[in-house]
Structures are given as structure tokens and as C-alpha cells.
1. Just subtract the alpha-carbon distance of residue B:518 and residue B:718 from 0.36 nm times their residue separation and send over the number in nm, one decimal.
2. Just to confirm a number: summing +1 for Lys and Arg and -1 for Asp and Glu over residues other than residue B:342 whose beta-carbon lies under 9 angstrom from that of residue B:342, what do you get?
3. Please compute the modelled spin-label separation between residue B:90 and residue B:126, points set 7 Å along Cα→Cβ, answer in nm with one decimal.
4. Considering every pair of different Cα atoms, what Kirkwood radius, in Å, is found for region A:20-114?
5. Which whole number gives the average count of other chain Cβ atoms within 10 Å of the Cβ atoms across peptide B:402-409?
6. Over chain B, how many percent of alpha carbon pairs lie in each 10 Å bin up to the one with the longest distance?
7. For a quick protection proxy, order the peptides A:65-73, B:219-227 by their average other-Cβ count within 10 Å, most packed first.
8. Report the Cα centroid-to-centroid distance between region B:431-449 and region B:486-551 in angstrom, as an integer.
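What follows is calculated from the coordinates using simple rules that are stated; it is not laboratory data. Worth saying up front: this structure is predicted, and the values here are computed from it rather than measured. A quick note on method: Cβ atoms are made from the backbone with ideal geometry, for glycine too, and the neighbour counts reach across all protein chains shown.
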Amino acid sequence: MKKLLILLVLLTGTTSFAQNKNAKASFEVKGVCEMCQTRIEKACLKTKGVKIASWDVKTHQLKLVYNEKKTDLKTIKKAILNVGHDLKDVMAPDEAYNSLHGCCKYRDEEVLKAH
Amino acid sequence: MKKIITLLLFIPFISVAQEQLNGRIFIANEEDPMPLAGANVYWLHTTIGTVTDLDGNFSIPSSKDSKELIISYVGFKTDTLKINAIKPIHHYLHPTNNLDEVEVTTRKKSTLISFLNSQNLVTMNSEELLKSACCNLCESFETNPSIDVNYADALTGTRQIKMLGLTSPYILTAIESVPTVRGAAQMYGLSFVPGTWVESIQITKGTGSVISGFESIAGQINAKLQKPVEDSKVFVNIYGAGNGRFELNTHLNTKITDKLYTGLFLHGNIRDTGFDRNKDSFLDIPLAKQVNLMNRWQYVDLDKGVVSFLNVRYLNDAKQAGQTSYNPEADKFSTNYWGSDIDTKRLDVSGKLSYANQDLTYQNVDIQVNFSTHNQQSYFGRNVYNINHNNFYTRAIYSSILGSSLHKFKAGLNFSYDHYDETVGVYTNTMDYERNENSIGVFFEYNYDDLENINLTAGIRIDNSNLLGTFLTPRLNMRYTPWEQASFKTSIGSGRRSSNIFAENQNMFASSRLVNLLNSGGKIYGLDPEIAWNYGISFLQGFNLFGREADLAVDFYRTDFKNQVVVDWENPSEVSFYNLDGESYANSFQTELNYNFLEGVDLRLAYKYYDVKTQYTSGKLTKPLTPKHRFFANAAYKTKMNAKGGHWKFDTTYNWLGEQRFPSTAGNPEQYRLTDYTPTVGTLNVQITKVFAKSFEVYVGGENITNERIKSPIMGADDPFGNYFDTTFVYGPIFGSTYYAGLRYRLN
């Protein structure tokens, strides 16, 4: 069985090559507070294949460790957008953003100031 | 800052038409005060905030919910102002010297009941430990209502701790997470850890985690020691008390290379003045001498993820108790005068290595090895008790995640070896007891954290022991957050241990009681292992009372013994040990309120109810000398710090114990009989600390200042070699009030 698997892997080598079980990524996610942090990290961790997600309240940087065989950055990013958090170049759907708690409304200047 | 943000989130928006509070913020400590632009100004626990303009001016709507205005700016000490009337304010903000310093925007709590952990965990940090002089680990618990500190006997001045109504053998006490206060060290072990060595203490109520072993039944205590990397370069503490006790603590910490640090910790205490205030011819507190040395090495290589410790500790402790006229050279084992000597020598060597995978930070390996040898040579009047206990303990833990960091696990194994050699009896006719105990165990603990409402820890271990058999120890802890600032926890688990009947009940030797050991063919002194289940629920709610932080905790625990080695004091001429036949349980209910009453003033009130009953041969009785009701109050006041960090601290603790049942003395002649119950006892401790600067502070305090004491703590003190001599009927203080003073000096 194992041999067969190895064979299969070898055959599909072009697609599975460089698939890292512990791939790392880091990018900016917009948010303001610890509540945002929980929401962002939870959205990532609920995505199958994500092992570690840690978002820094100060720098807004999200650090990820994930299994490339099970998921990809596109899927993870989509999960983040769906809970209402903008990325550097992509805006979250308004519907998701509007459902955020009042103090997490990071697009609002006033809220940003308050933190 | 983070804390404030979280707190802010808990309060929904409230917008009502308000007045404006105007003011101006300046930089302090300047000859010509400069306005501070860009400082944050906001109301505590609200979302109302603003930023000062270029001239330091601000204008903020007044708040109905908060009277406390927070002013903060990176690099400056955050200030909280009490605003009673809306009128313009001018405030000066002090720069902090060190930018790396953690910004504390809410008040830092010295004792913290965990909201998030799945276990009922209380952490006491160094600030809490400074609330009383805390000569040793045992006394550190005096300001914490979860742990009772009791008097063990009328002779040795030993204090014993209790949790959930059960004595210290049922609490697993670890130092740096290695079970240490056990076996031969059970009785005096806590007094062998100097208070200044302790960095913080974690108290877990209920059986706790499987990782630290199967022995915990009522709870776990873990004391973390000062780390050479973090502790002051030089620390000196001098202490003197009116009861004749003097102490000296010195810590010296040095950096050897960038990665290697070492610390030398020296402790000495002496009491060479005898006191007999109650005029019963016996010393109220023993004469004592202790030398305690520890050398701690710490290796830290953060790039490689390696942290390692090596500790070597040597202890030499000598106590002399008994009649004031007793002279050991002339009177040992004679009937001239009654006297006792307890000499203990102990050596501990322990090493720890932990490695965290830097690429995958969740992967961690932790290995500990510990060796100790404990030797106590002692006699009590004509009774001899010697014990030699060697222990070897090693444990390896691997931590990682299952799929994602929402699911964590720890797995590992440990091995423990104990050799006991005891000599017991009247000096002319002693018996030897020797036993080897070894156990090997594997454990697995799974933790689920959904980052919000649920945190669950489920653990199981399988152990094989030559004396306790092969058995499973399951434990489950769960936390659920039903609404904001609330935490509901449950725990269930089992524990098992072998009872060291002599070492744990040494106070019996200082009496005329005969030891009656009912051998039933078991492997430990002819007795069976103790097995118990512990169940608990607790609820914690944080809230705001008149705009200030408060929390209320309520918990209930039940310990059910499947087997227990019953210690039966009900016949005044003997103490019997036998396997439990029937029911034995301990119910404990506690409620605790913590309230930040005014700025700098913290109150803690607690009430405890115990129902501890055991089936003795003479019937099902409440455990002797265990109060049903206990009340506890602690008030702490801290003044504002000045620019140098100078401030005052006032701390006072009141403890009230309800009546306690005396073991039966019905078999004695009338003059040697006691009432059924003890009177109630209330004690008051006070301490005042003046911090001159971060490096220097002076404290004075009084223990038991209302001078509460037992009139005649020793039964038959007039005839110590007679049939009715007994020093074990102790339910409160013997010495009365005592005052102390000390200083602490730190060089960083």
C-alpha cells in the first residue's frame, strides 16, 4: 500500500512537488483589538490544514503555519475576509464587516483613535 | 494596554448628551513643563476617549459610567485620575526610564484567579508574597483564603497547610513542577523553602493535571523559584522578630556568558532565645537554626529554543523544643526534663532541559531529572524517630498540536524511585521500617481551546508501582464562559498515594500515646494505598461595582475516599492507623469576593465551610481540629508611586476559625479531659512597607496583634513523662502577639 502511495506521489510529482507540511506565511490583516485577534485567529484555525495562526494587535501582522497539502493561502484569506477583516489589498464583504462588534469597526477613524 | 482594550470591549456603547471635561497634559520632571501632544485620554471601562493636541489640550465628553480618567502615552507612566467634578484639569505625566517596561494600564493584581484556564487556578505573584514577611513557603499562604495555615503541634512551631479540608499529604506540592514536599519532607518541607526564593505560586484546586503525577487528591501547589536571568543582581533581606527569630537572605546573580547565568541563594535563620510566656515550663516556640544554600544555573539560547536549569540545594536545619530547663547533653532520654531535637539534612540536585522547535513553535520537549536525599534524626522525650529518604525522579514531556493549535496535547513518561528507612520507638526498644517504592507511568493530556467559550483538558495516566499496583488515573477539567467576564468550571479526577504514617504524623511522638498499627496485610506498613476521587464545580464572575473592578468566586469540592489510612486520635492513650471501613469524605464550599474598593485599596473577603467526616472504629465523626466555618478578610492599600518609585503599602489580614472538635479525651481522668469543642479563634496580622525606591524598602509588621492564644496548649505539661502528656491538641496560636521588622535591598 505504502509503495503504491509513493508511486502515486511520484507520478503526480509535478503537482505535489514542494508541498510543504509546515508552510509559513505572514501578511497584514486589518483589525484593532483582542476581539479582532480571536476572530481572525479562529477563522484561520477553523480552516482545515492551518496549524498555527497568530495575529499581532500592534503590527497587524498575521503569522501562519499550514499544511500545503490540505489548504492554500487563497482559502485561508477567504476565511478571514468572510469574518469581516480586510487584507492589505482586498476588502471584506460589507455584510461581514457590518456584523462586527462596534469597537472592532477598524475602518472607522474614531474607533481606531480610541484604541 | 491590551487589558484595557479587552475591558473596553466588554462595555457596550452608551451615548447620552454630556458635559465636556477640558484639560491640559504636560511632561513632568522638567524645569519648564512642556505640553504633551498625542497623549491618550480616556475613561476607564468605556470607549470614550480622545488625544491631546499640539498644545497638550484635550476635551472629552463626561462619562456617566466612569469617574476615572486614564492618561497614557508611550514612554510615560500611565496615570488614572479620579474625576469628581467637571472642571478643567492640568496633569503632569512622568516619563518611564525604561521603554521595555511593561505598560500597566489597569492595576496589576497580586493574586489572580484564572478566567481562562480549564482548571481552578490561583496565581500568587511576588507582590502577593511580599504582603506578609513570608519567612518560608508555608507562611506565604497566610494571605490566601484557598489554603489554611494551621498549627501542627504545641512544640515544634510547625505550621501545616490544608486545602479543601484535607491536610498537606493530600496536596501535591511541587517546586519547579517536581513533587518535592512529600515523603520524609511532608511535615517540615514547606518551612525548608525560604520565602524570598519563591518567584510565584500556582494553586490548583481539585485533582489538576495528570502530568505532575497521581498523588494529588485535594489539589496541587507549584512554587516557581527566582530565575538568575530575571532576579536582581544582588538582593539582601534582613529580618528580625520579637519572638527571637532572625533571618538573612542573600541572592547573588551573575551573567557568565550571553547564554549562561548563575545565581547563589543563601538563607540563614536562627532563634536562640527561649520564651515561655504561658509559664507551662515548655518553650512556646523551639530554638532553631537553619542554613539553606542553593546554586542555580540557567542556560538560555533563544535562537535554538533551548532553556536549561541546574539546581543544587543543601539544607541543614536544627530545632530544639521542650522544657526551658532541658539541656540535651545532660538530659537526653532521661526523665529529668522533657526535650526534643529534630535535625534535618537534605540535598537536592535537579536538572531541566526544554527544547522548543523554532520552526514549529508548538513542538516542545521537556526533560527533568531530580535527586534528593533527606535525613532526619530526631527524638521527642524518650521516643526516637529517624528517617532517611532518597528519591529519584525523572520525567519527559512532549507537547505538540493535533491538526491546529486549537487542539494541543502533551504526552510523556515518568519514573520515580523512593527508598525509605525509618527507626521508630522508645529509645530502648526501636523498630526499623524499610521500604522501596518505585513507579513508572505514561501520560497523555489533551487540551481543546476554542479561543472563546470553551477550554477543556482531559488527561489520563497509567502507572505501574511495586506497592500501589497497576492503575489508571483519569482527570478532566473544563471551563465554559456563558457570558462576559464569567467562567464556569468543573473538574473530576482520581488520585492515589501511599501514606507515610510516621513522617506525616510525627506530632504523635510528642505525646504519651502508643502507636497502634492495625496490620491488614497491605504492602505499606501493612496497610493499603489511599485512593480518592475529587469532584468540583466553581463559578467566577467579574463585574464593576460603583465603577470599580470586582470579582466573585464560588466553589464546591467533594473528595470521596475509596480507601484511606485512617489516623484515629479518639482514644487518648493511643493513635491508631487502619484501613478505612466505611465512608470518608471532605466537602468544601468557599466563596470569595475581591474588590478594588478605592484607588489603591483592594479588599478580599472569603467564607469557607467544611464538612469532613470519617468512619472511625468509634463511629462516623467529624475530623478533629478542623473548623466547620472559617472567615477571612484581607485589605491592602498602596499609595501612589512618586518619580523614584517610592510608595507606602499597608496590608492587614484577619482570620476567624469557628469551633473545632477535640478528639475524644473521655478515657482520661477528669483533670486531663477537654471540652468537646474548642473556642473560636480570631487572629489579626498587619504589615506596613515603606518603599523608598525600587532598590530599597523597609517593613514592619505584627502577627496576631490581638494577642489571641491558647492558655495551656500542652496537656499534662506538669508531668511530661506521665500517661497523659499530649502536645497535639492545638487549635490556635500559642505564642500570642509578635512584632517584626525587616528590610529588602536590590541592585539590578
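1. Numbers: separation 200, 0.36 × 200 = 72.00 nm, distance 3.18 nm.
Full extension of this stretch gives 68.8 nm more.
2. Numbers: positive: B:319; negative: B:317, B:341, B:343.
In short, -2.
3. 3.8 nm
4. Numbers: mean 1/r = 0.0754 Å⁻¹.
The answer is 13.3 Å.
5. For peptide B:402-409, the averaged partner shielding equals 5.
6. 3, 13, 22, 25, 20, 10, 5, 2, 0
7. Working: A:65-73: 17.4, B:219-227: 23.0.
Packing proxy ranking, top to bottom: B:219-227, A:65-73.
8. About 17 Å separates the Cα centre of region B:431-449 from the one of region B:486-551.
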